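To start, the structure under review is shown below, and the notes come after it.
The values are calculated or read from the model by the stated rules, or taken from the named source; none is laboratory data. It should be emphasised that the depicted structure is a prediction, and the values quoted were computed from it without experimental measurement. Note: ideal-geometry Cβ built from the backbone for every residue, glycine included; neighbour counts use all protein chains shown. Please note that ligands, DNA and RNA were not included when accessible areas were found on the heavy atoms of the full protein model with its side chains. Shrake-Rupley method; radii C 1.70, N 1.55, O 1.52, S 1.80 Å.
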Amino acid sequence: MAQKQSTQKIYNKTVLDSRSRLDGSYKVIYRVKIDGVKKDYSTGIYWKKEAFDLERQILLPRYKGDQEVEAANHKLQEIQARAGRIFLRFFVDHESITLKSFNEYFQNFESSENFFWFAEQRSKQMYDKEIIANPTYRRHRSSLNRLKEFKKDQILPLSEFNLELIEEFNAWARKKKYAHNTICGFHKNYKKFLSVAVLEKKIQVNPYTDFKFSYQDGNRAVLNQNEVKHLATLLDGKKLSITEKQVLRRFLFSCTTGIRISDTHRVKSSMIKEGVLFFTPYKTRTKGKTLKIPLSKFSESLIKDRQGLLFEPLSDKHINFCLKVIAGKADIDKLLTYHVARDTFGTIFIELGGDVVSLKDIMGHSNVKTTMIYVKMSDKRKQTLMNNFDSFLL
């Protein structure tokens, strides 16, 4: 078979179409000829003949400051790399290649081989089906872009995603000074898509089986009881605008219930029955688990007389912007984001004598280990308070 393959006449090159358009540009074609049989693949690119370097197989700027040339060359390189990998596969397997077999692999290469394309498609499908929210979809894309930056390529065959690549990427990301938990987020996303690839039988084993990573407890901003109480007094004052009061009312509701910002967009008055809020968290909606959160009198006062949606339709970005303004007006020297409310609830719940199992159920955690972070945060805060004795005893 190897001898037969060596006698094959194979030609593949990027060329320009013979006919020009009205604007004088030519269609850029990737041409493949095997044993005299030719097929042209359109690249979707149109370019001036004088700005095409046939020998180097690259496009040149058509004019000073041509911003499209880099993207166009990147696309050509991707097509050339895809074809090169197909030819290599047949060579390694000592098989002859026909134009028909090449075409089948070429047309289906992305869906069957390229990790980037595979992950992007699966992420888009989950987003379209509302399995994941837009922030998660954006994080997926960001993670894939970091891996493309590391690889300096748009193609990463699933078969080449191995332990060595993972370790090299991990070292690269640390050298780039990405935070530890950010890097863990990258790995978490890659591992997720590779698990899907295993389920779809595109690969046999997830390479992350042999690579362990874990998040570290960061310095999370948490409000203490006095700060929450002080924020509550601003609801009746004149320091805040109407919108800021709307944001603060929502924020305090999460400080006393633990619900996420994604859920505050959806909770309705009809979900409250006899002082208990029943709802399925948006983040874990595919699991179908309903949370039951008993509301305190203060929590109920924040949504008094509200019908339909409990909170005004504001974007996450605007809410978090308003929280920065509110923190300034309240003289709270902490980076206030909406997630601070959830962390504040968990920590104060433990400080007030709440047990971990109840907190786990209220916050909707699937594993008690996740809930234990609030016990650690509470213990750390207690130690800080106890150290105050040193200020007058030592």
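For the reader, a short list of remarks on this structure follows.
- Evaluation of residue 143 against (1) within 26 Å of residue 283 (Cα to Cα); (2) open to solvent by 20 Å² or more (accessible area, probe 1.4 Å); (3) small (Gly, Ala, Ser); (4) in contact (Cβ under 8 Å) with a residue 40 or more places away in the chain (one fails), failing number: (2)
- Residue that is of a type in the set (A, V, I, L, M, F, W, C) and farther than 26 Å from residue 78 by Cα, where the choices are 166, 183, 203: 183
- Filtered residues of region 229-242 (kept if open to solvent by 20 Å² or more (accessible area, probe 1.4 Å) and not in a loop (DSSP other than H, G, I, E, B)): 229, 230, 232, 233, 235, 236, 242
- All positions within region 31-77 that are among the aromatic types (Phe, Trp, Tyr) and closer than 15 Å to residue 16 by Cα: 41, 46, 47, 52
- Cβ-Cβ contacts under 7 Å between residues 6 or more apart (or on different chains), taken from a first residue in region 351-372 that is open to solvent by 50 Å² or more (accessible area, probe 1.4 Å) to a second residue that is β-branched (Val, Ile, Thr), are listed as 368/356; 372/356.
- Whenever a residue of region 211-222 is within 13 Å of residue 340 (Cα to Cα), its partners that are at pLDDT 85 or above and assigned to a loop (DSSP other than H, G, I, E, B), lying with C-beta atoms within less than 8 angstrom and at least six residues away or across chains, give the pairs 221/334; 221/335; 221/336; 221/337.
- Residue count, region 70-95 (criterion: open to solvent by less than 80 Å² (accessible area, probe 1.4 Å), without any contact (Cβ under 8 Å) to a residue 12 or more places away in the chain and of a type in the set (A, V, I, L, M, F, W, C)): 1
- When 293, 259, 332 are checked against the criterion of being within 20 Å of residue 240 (Cα to Cα) and modelled with pLDDT under 95, a single residue qualifies: 332.
- Inter-residue pairs, beta-carbon under 7 Å, first without any contact (Cβ under 8 Å) to a residue 60 or more places away in the chain and in region 174-185, second of a type in the set (Ser, Thr, Tyr) and not in a loop (DSSP other than H, G, I, E, B), 6+ apart: 185/143
A quick yes/no check of all residues on (1) within 30 Å of residue 106 (Cα to Cα); (2) open to solvent by 60 Å² or more (accessible area, probe 1.4 Å):
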{"residue": "155", "(1), (2)": "yes, no"}
{"residue": "169", "(1), (2)": "yes, no"}
{"residue": "173", "(1), (2)": "no, no"}
{"residue": "181", "(1), (2)": "no, no"}
{"residue": "189", "(1), (2)": "yes, no"}
{"residue": "205", "(1), (2)": "yes, yes"}
{"residue": "210", "(1), (2)": "no, yes"}
{"residue": "224", "(1), (2)": "no, no"}
